[in-house]
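The values are calculated or read from the model by the stated rules, or taken from the named source; none is laboratory data. Quick caveat: nothing in here was measured; it's all calculated off a predicted structure. Neighbour counts are summed over all protein chains in view; Cβ atoms, including those assigned to glycine, are modelled from backbone coordinates with ideal geometry. All accessible areas refer to the heavy atoms of the entire protein, side chains included, with ligands and DNA or RNA removed. Shrake-Rupley method; radii C 1.70, N 1.55, O 1.52, S 1.80 Å.
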Amino acid sequence: MTTMAADAGAYEAVFDAALAADERIEPRDWMPDEYRTSLIRQIAQHAHSEIIGIQPEANWITRAPSLRRKAILMAKVQDEAGHGLYLYSAVETLGARREDLLDKLHTGRQKYSSIFNYPTLTWADVGAIGWLVDGAAITNQVPLCRCSYGPYARAMVRICKEESFHQRQGYELLLALSRGTEAQRAMAQDAVDRWWWPSLMMFGPPDDESAHSAQSMAWKIKRHSNDELRQRFVDICVPQAESLGLTLPDPELRWNEERGHYDFGPIDWAEFREVLRGNGPCNAQRISQRRRAHEEGAWVREAAAAYAAKHGEARS
Ligand code: BYC
């Protein structure tokens, strides 16, 4: 064995032992290339989702029905931009360059969550996104606070706290509509009907089709499979829908005493695959708007770089 091969073996043993002991892997630690690449893939996709996720909700800032609702929505959207910043910073600790990641997003070489390719047709959609989309995000992301990669896990702690507020504001918004006029209640129900199934798709493909789950779970990046988290989310939502006075659009939804979980109907995976292929209702609009925002923000990036260079703060 060459010295280099012996070194790599020793490093790998340290990495494996750290994972086995549930210790965190930090940026300067040795890690397998595939672990690094998979983390860059997942965290970049997550960061892109946060900033693309701004679009459907920001759409309603100018049309919020009261000053209070407008202030709440603006704060939420600002939080999402902040989540993007934490996550791009986390992915940079793995050696990825932010410009490259954004370029990959803008040219369709990296994904963002399928959920943000659906339109926000009414004010109630802001409530449905908060309740269901942020609710699904929390269910998926709380276990990521225990992810083996330190910077990602730490970013998730703060993100989850903020997402909890978002989920509550969505629930409270829908409750107000559901207890309002008949037209308001109908608007809330229609929004829940449209967002329910896409929210279940957020958890990713079924376990037997999930390309990355087994390896990601072995590396303790993911702690639960896509289907486990999806089931957990359904179980949480059913009683909440009842207290909201709204129904979920699934005639097969019923409590299964033996499993101790709610059974639910089949998910339209053909629709999910179409959205991932770029053929969802809003894919083209989301990307063109993102590209335009990036181009229009060029002067800010140039000014910041010039300022940093002048004050000796330029990053290598
Ligand atoms: N949309 O092997 P799999 C939020 C891709 S919430 C698009 O199971 P993995 C927010 C997957 O990337 C949303 N693509 O993958 C909330 C892979 O393709 P690649 C963001 C999806 O990684 C409110 C392929 O399908 N959250 O930010 O083991 C307001 C096979 O899947 C989706 C996160 O990103 C999807 N729904 O599991 C604002 C959480 N699902 O990469 C913002 C972190 C799967 O081979 N991410 N794909 O080309 C994760 O937990 C995991 O990456 C996933 C997928 C559970 C999403």
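Tell me yes or no: at least one residue of segment 15-32 is modelled with pLDDT of 95 or more, within 11 Å of the ligand (Cβ to nearest atom) and over 14 Å from the mean Cα position of the chain (by Cα).
Filtering segment 15-32 for residues modelled with pLDDT of 95 or more gives 15-32.
Retained after the next criterion (residues that are within 11 Å of the ligand (Cβ to nearest atom)): none.
No; the residues of segment 15-32 include none that is modelled with pLDDT of 95 or more, within 11 Å of the ligand (Cβ to nearest atom) and over 14 Å from the mean Cα position of the chain (by Cα).
If you go through segment 220-230 one residue at a time, how many are closer than 19 Å to D16 by Cβ and surrounded by fewer than 22 Cβ atoms within 10 Å (Cβ to Cβ)?
Residues in segment 220-230 being closer than 19 Å to D16 by Cβ and surrounded by fewer than 22 Cβ atoms within 10 Å (Cβ to Cβ): 2 in total.
When the residues of segment 172-195 are narrowed to those that are charged (D, E, K, R) and touching a Ser or Thr at 6+ places or on another chain (Cβ under 9 Å), which ends up farthest from the ligand (Cβ to nearest atom)?
Within segment 172-195, the subset charged (D, E, K, R) is 172, 179, 182, 185, 190, 193-194.
If we keep only those that are touching a Ser or Thr at 6+ places or on another chain (Cβ under 9 Å) as well, we get 185, 190, 193.
Details: R185: 24, D190: 20, D193: 19 Å.
Within segment 172-195, the match that is farthest from the ligand (Cβ to nearest atom) is R185.
Scanning segment 102-143 for residues that are of a type in the set (A, V, I, L, M) and open to solvent by 20 Å² or more (accessible area, probe 1.4 Å), which turns out nearest to M74 (Cα to Cα)? Break it down into steps so the answer makes sense when it comes.
Step one: of segment 102-143, the residues of a type in the set (A, V, I, L, M) are 102, 105, 115, 121, 124, 126, 128-129, 132-133, 136-138, 142.
Keeping just the survivors that are open to solvent by 20 Å² or more (accessible area, probe 1.4 Å) gives 102, 121, 138, 142.
Numbers: L102: 24, L121: 18, I138: 20, V142: 24 Å.
Per the criteria, the residue is L121.
Among the residues of segment 188-218, which ones are outside any helix (DSSP H, G or I), surrounded by fewer than 21 Cβ atoms within 10 Å (Cβ to Cβ) and either touching a helix residue (DSSP H, G or I) at 6+ places or on another chain (Cβ under 8 Å) or among the acidic types (D, E) (or both)? Talk me through it step by step, then tell me what you get.
Filtering segment 188-218 for residues outside any helix (DSSP H, G or I) gives 202-206, 210-212.
Now restrict to residues that are surrounded by fewer than 21 Cβ atoms within 10 Å (Cβ to Cβ): 205-206, 210-212.
Of everything in segment 188-218, those that are outside any helix (DSSP H, G or I), surrounded by fewer than 21 Cβ atoms within 10 Å (Cβ to Cβ) and either touching a helix residue (DSSP H, G or I) at 6+ places or on another chain (Cβ under 8 Å) or among the acidic types (D, E) (or both) turn out to be P205, P206, S210, H212.
Which of the residues that make up segment 196-223 are near the ligand (Cβ under 6 Å from one of its atoms) and among the aliphatic types (A, V, I, L, M)?
Answer for segment 196-223, where residues must be near the ligand (Cβ under 6 Å from one of its atoms) and among the aliphatic types (A, V, I, L, M): M201, M202, A211.
If a residue counts only when it is among the aliphatic types (A, V, I, L, M) and either free of Cβ contacts under 8 Å to residues at least 40 places away in the same chain or farther than 25 Å from G278 by Cα (or both), which helices (runs of 4 or more DSSP H) contained entirely in segment 56-171 have at least 3 such residues?
Details: elements: 67-92, 98-106, 124-128, 134-141.
Result: 67-92.
State which residue pairs qualify: first residue of a type in the set (D, E, K, R) and inside segment 255-269, second residue loosely packed, with under 13 Cβ neighbours inside 10 Å in any location, beta carbons under 6 Å apart, and separation of 6 or more residues or different chains.
Listed pairs, sorted by first residue: D263/R254; D263/N256.
State all residues of segment 144-187 that are open to solvent by less than 50 Å² (accessible area, probe 1.4 Å), closer than 19 Å to I51 by Cβ and not small (G, A, S); if no residue qualifies, say none.
Within segment 144-187, L144, P151, Y152, M156, I159, C160, E162, E163, H166 qualify.
Among A64, A13, A81, which is the only one that is within 26 Å of S288 (Cβ to Cβ) and surrounded by fewer than 16 Cβ atoms within 10 Å (Cβ to Cβ)? Write out each step before concluding.
On the way: A64 fails: surrounded by fewer than 16 Cβ atoms within 10 Å (Cβ to Cβ); A13 fails: within 26 Å of S288 (Cβ to Cβ).
So the residue among A64, A13, A81 that is within 26 Å of S288 (Cβ to Cβ) and surrounded by fewer than 16 Cβ atoms within 10 Å (Cβ to Cβ) is A81.
Please verify whether segment 281-299 includes one or more residues that are outside any loop (DSSP other than H, G, I, E, B) and within 26 Å of L229 (Cα to Cα).
Restricting attention to segment 281-299, the residues satisfying the condition of being outside any loop (DSSP other than H, G, I, E, B) are 283-296, 298-299.
With within 26 Å of L229 (Cα to Cα) added as a condition, the list becomes 283.
Looking through segment 281-299, at least one residue is outside any loop (DSSP other than H, G, I, E, B) and within 26 Å of L229 (Cα to Cα).
A quick yes/no check of all residues on (1) more than 24 Å from S114 (Cα to Cα); (2) modelled with pLDDT of 95 or more; (3) open to solvent by 30 Å² or more (accessible area, probe 1.4 Å):
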position	(1), (2), (3)
P249	no, yes, yes
E258	yes, yes, yes
H261	yes, yes, yes
F272	no, yes, no
L276	no, yes, yes
N279	no, yes, yes
Q285	no, yes, yes
S288	no, yes, yes
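Would you be able to say whether some residue in segment 38-50 is in a helix (DSSP H, G or I), exposed (fewer than 12 other Cβ atoms within 10 Å of the Cβ) and polar (S, T, N, Q)? Explain how you work it out, then say what you get.
Our first condition is that a residue be in a helix (DSSP H, G or I); within segment 38-50, this holds for 38-50.
Next, only the ones that are exposed (fewer than 12 other Cβ atoms within 10 Å of the Cβ) stay: none.
No, there is no match, as no residue in segment 38-50 is in a helix (DSSP H, G or I), exposed (fewer than 12 other Cβ atoms within 10 Å of the Cβ) and polar (S, T, N, Q).
For (1) within 18 Å of the chain's Cα centre (by Cα); (2) near the ligand (Cβ under 10 Å from one of its atoms), each residue gets a yes or a no:
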site	(1), (2)
K76	yes, yes
D100	no, no
K104	yes, no
T107	no, no
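Can D235 be described as touching a Pro at 6+ places or on another chain (Cβ under 8 Å), farther than 26 Å from L85 by Cα and assigned to a helix (DSSP H, G or I)? Before the answer, list the steps.
Details: touching a Pro at 6+ places or on another chain (Cβ under 8 Å): no; farther than 26 Å from L85 by Cα: yes; assigned to a helix (DSSP H, G or I): yes.
When the stated conditions are applied, D235 does not pass them.
Has segment 131-145 got at least one residue that is at pLDDT 95 or above and out of contact with any helix residue (DSSP H, G or I) (no Cβ under 8 Å at 6 or more places or on another chain)? Reasoning before the result, please.
First, pick out the residues of segment 131-145 that are at pLDDT 95 or above: 131-145.
Now drop any that are not out of contact with any helix residue (DSSP H, G or I) (no Cβ under 8 Å at 6 or more places or on another chain), which leaves none.
The answer is no; no qualifying residue exists.
For (1) polar (S, T, N, Q); (2) under 30 Å from T37 (Cα atoms), each residue gets a yes or a no:
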position: S213; (1), (2): yes, yes
position: E228; (1), (2): no, yes
position: I236; (1), (2): no, no
position: P239; (1), (2): no, no
position: S243; (1), (2): yes, no
position: D250; (1), (2): no, no
position: W255; (1), (2): no, no
position: G260; (1), (2): no, no
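Residue-by-condition table, conditions (1) within 21 Å of C160 (Cβ to Cβ); (2) modelled with pLDDT under 95; (3) among the hydrophobic types (A, V, I, L, M, F, W, C):
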site: A10; (1), (2), (3): no, yes, yes
site: A44; (1), (2), (3): yes, no, yes
site: H48; (1), (2), (3): yes, no, no
site: R69; (1), (2), (3): no, no, no
